[in-house]
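Trainee: Sending over a structure as structure tokens; questions will come in a sec.
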Amino acid sequence: MHPPGHRKCWAAGEYIPRDIDYRRICYGDYDLPRPQPGQIYADVGGDTCLLAEATRRVVEAVILVDAASR
């Protein structure tokens with residue numbers, strides 16, 4: 001567990017615990033490449049990750065760039 005106010009930054013190879021919820025992200029909405037079968041993009045507590053959906057393993061941590069800053 002992390003202290004209040006501290007956010008966990010997920011790294012490739014880590015597993016998202018079952019007690020932590022995530023929200024699916026549509027890759028097309030963010031100009032992300034199509035994920036491989038069995039993978040999804042997800043918002044995990046404010047971090048965007050590419051996950052292996054069946055195992056909840058982080059394949060890649062993703063940094064989204066705001067369209068206004070491009």
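All of the numbers you see were taken from the coordinates with simple rules; none came from a lab. Given the structure is predicted, the values throughout are model-derived calculations rather than measurements. Virtual Cβ from ideal backbone geometry, glycine too; neighbours counted across all protein chains shown.
Trainee: Need one number: the % of Cα-Cα pairs in the stretch 23-69 sitting beyond the 17 Å mark.
Mentor: 26
Trainee: Continuing with the same structure: What FRET efficiency comes out for Arg24 versus Ile63 if R0 is 30 angstrom and r is the Cβ-Cβ distance? Round to the nearest 0.05.
Mentor: The value I calculate is 0.95.
Trainee: Now, a different point. According to a simple spin-label model (label point 7 Å from Cα along Cα-to-Cβ), what is the distance in nm between Ala54 and Asp31?
Mentor: 3.4
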